[in-house]
Amino acid sequence: MTVTLADVAARAQVSPATVSRVLNGNYPVAASTRERVLKAVDELDYVLNGPASALAAATSDLVGILVNDIADPFFGIMASAIQSEIGGPGGRAGGERLAVVCNTGGSPERELTYLTLLQRQRAAAVVLTGGVVEDAAHRAAMDAKLRKLTEAGTRVVLCGRPPAPGTGAVALAFDNRGGAQELTEHLIGLGHRRIGYVAGPEGQTTTRHRLEGHRAGLAAHGIAADPRWVVHGRYDRQAGYEAALELLRRDASLTAVVAANDSVALGVCAALRDSGLGIPGDVSVAGFDDLPFSVDAVPALTTVRLPLAEAGARAGRIAMGREEAPPGGIASVRGELMVRGSSGVPRG
C-alpha cells in the first residue's frame with residue numbers, strides 16, 4: 001500500500017500543508033513540529049510520488065558530516081579533514097561538493113533527524129564521526145536509517161565509530177580498547193598499582209571501550225579493579241576537575257590518574273595542583289586522543305595519539321569514491337602511545 005502525504009500528516013498530527021513545508025524547506029516550521037514530521041516520514045518510509053520519486057533516486061552534490069560537538073577539537077579536526085577531501089575528481093559542477101556539518105549535541109534524536117534530512121536531500125555521502133549511544137532501540141533505528149541511505153545510493157562512512165554490520169556502511173573504527181590498555185600498562189610499567197580512572201559518560205561506546213581497555217591492562221598484571229577508583233563524567237575539563245577531587249576524596253593514596261580524553265586530563269591536572277599535589281611527582285596523569293594542546297600542557301601530557309586528521313581524510317576519500325573501502329568494509333585504526341612529562345615513577 002502506497003503511503004501518502006496525508007498519511008504522514010495524520011501520523012505527525014499536523015496538516016498536509018505543514019508536511020509539505022517541512023519536506024520542501026520553503027517555509028518556517030517550529031523545530032519540534034519539524035522533528036515530529038520527519039519522524040513520521042521515517043516510520044512510514046514515505047517516498048515522493050511521480051517524477052519527484054525518480055528525482056529522489058538520484059544523488060545530489062551534498063555531503064553530510066555528523067559530529068557530536070563541533071567545538072570539541074576531537075570532532076573539529078576530523079570534520080576539517082573530511083571536508084578537505086570533498087570535491088575534486090568525480091564530483092559534478094566542476095568537481096565541487098557542498099559539505100554540511102551537522103552538530104548533534106550528543107542527542108540521539110537529532111542524529112536521526114539529520115540523517116532523515118540528508119536522505120530527503122539525496123545526499124551523495126554521509127560521514128558519521130565519534131561513538132554511539134548504547135541504546136538498543138536507537139541502535140536499531142540507526143541501522144535501519146543507514147541501510148535506507150546506502151540502498152538509495154548514498155555512500156555512508158563511519159569515522160572513529162564502531163561498525164554497523166548489514167547496513168552497507170564502511171567503518172574506520174578507532175582501537176579504543178587497545179590504546180587504553182597500552183596506556184594503563186605504561187603506568188604499571190613505571191611502578192603504579194593504585195590508578196584512578198576518569199571515564200566519559202555512561203552509555204556510550206567510546207566510554208565503555210576505553211574503560212574495558214584500562215581494566216584489561218590492570219587484569220594483565222594481576223591488579224584488582226577497585227570500583228572506588230572509577231568516576232564517570234562529561235568529556236570536558238570541568239568534569240575532569242570535579243572527578244579528580246572525587247577520586248582524591250575516595251582514596252588519597254592514588255599515584256596515577258588516567259583520563260577519558262585530553263580535555264578531561266587538563267581538568268584532572270588543575271584539580272591536583274589546586275590540591276597541592278605535583279605532576280608527576282605526586283600523581284602521574286595520562287589522557288587520550290593527543291589533541292593539539294596536549295604537547296603544550298605543563299608538564300606535557302602523556303596520552304594516546306589517535307590519527308584524527310588522517311582517519312578523517314581517508315573517510316572523506318572513501319565517501320567520494322576516490323579510495324577503495326577496506327576489506328569487508330571495516331578497518332581498525334590504532335593509536336600510538338605518546339610518553340611525555342606528565343607520567344613518571346610513583347612517589348616512594
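Considered as a group, the residues in region 225-237 that are in a helix (DSSP H, G or I) and out of contact with any strand residue (DSSP E or B) (no Cβ under 7 Å at 6 or more places or on another chain) include one that is surrounded by the most Cβ atoms within 10 Å (Cβ to Cβ), and that residue is Arg237. Contact map, region 155-179: residues that are without any contact (Cβ under 8 Å) to a residue 12 or more places away in the chain paired with residues that are part of a strand (DSSP E or B) and surrounded by fewer than 24 Cβ atoms within 10 Å (Cβ to Cβ), Cβ distance under 9 Å, separation 6+ or inter-chain. Pairs shown: Pro165/Ile330.
Given the criterion at pLDDT 95 or above, buried (at least 23 other Cβ atoms within 10 Å of the Cβ) and more than 19 Å from Asp175 (Cα to Cα), identify the matching residue among Gly222, Gly240.
Details: Gly222 fails: buried (at least 23 other Cβ atoms within 10 Å of the Cβ).
Sole residue among the options that is at pLDDT 95 or above, buried (at least 23 other Cβ atoms within 10 Å of the Cβ) and more than 19 Å from Asp175 (Cα to Cα): Gly240.
When residues in region 5-54 are screened for being polar (S, T, N, Q) and either at pLDDT below 75 or not assigned by TED's automatic domain parsing to the domain that holds Ala144 (or both), 4 of them pass.
I need the full set of residues from region 183-222 which are farther than 30 Å from Ala71 by Cβ, in a loop (DSSP other than H, G, I, E, B) and out of contact with any helix residue (DSSP H, G or I) (no Cβ under 7 Å at 6 or more places or on another chain), in order please. Leu190, Gly191, His192, Arg193, Arg194, Gly222, listed by residue number. Figure legend. Inter-residue proximity from region 122-142: first residues assigned to a helix (DSSP H, G or I), second residues crowded, with 24+ Cβ neighbours inside 10 Å, beta-carbon distance below 9 Å, spacing 6+ or different chains. Indicated pairs: Met142/Leu115; Met142/Leu128. In region 258-304, the residue that is farthest from the chain's Cα centre (by Cα) out of those that are over 23 Å from Gln181 (Cβ atoms) and acidic (Asp, Glu) is Asp282.
Before we move on, is Leu254 assigned by TED's automatic domain parsing to the domain that holds Ala199, surrounded by 15 or more Cβ atoms within 10 Å (Cβ to Cβ) and either touching a strand residue (DSSP E or B) at 6+ places or on another chain (Cβ under 7 Å) or among the basic types (Lys, Arg) (or both)? In short, yes.
The values are calculated or read from the model by the stated rules, or taken from the named source; none is laboratory data. On a predicted model such as this, the values are computed, not experimentally measured, just so you know. Positions of Cβ are generated from backbone atoms using ideal geometry, with glycine treated the same way; all protein chains shown enter the neighbour counts.
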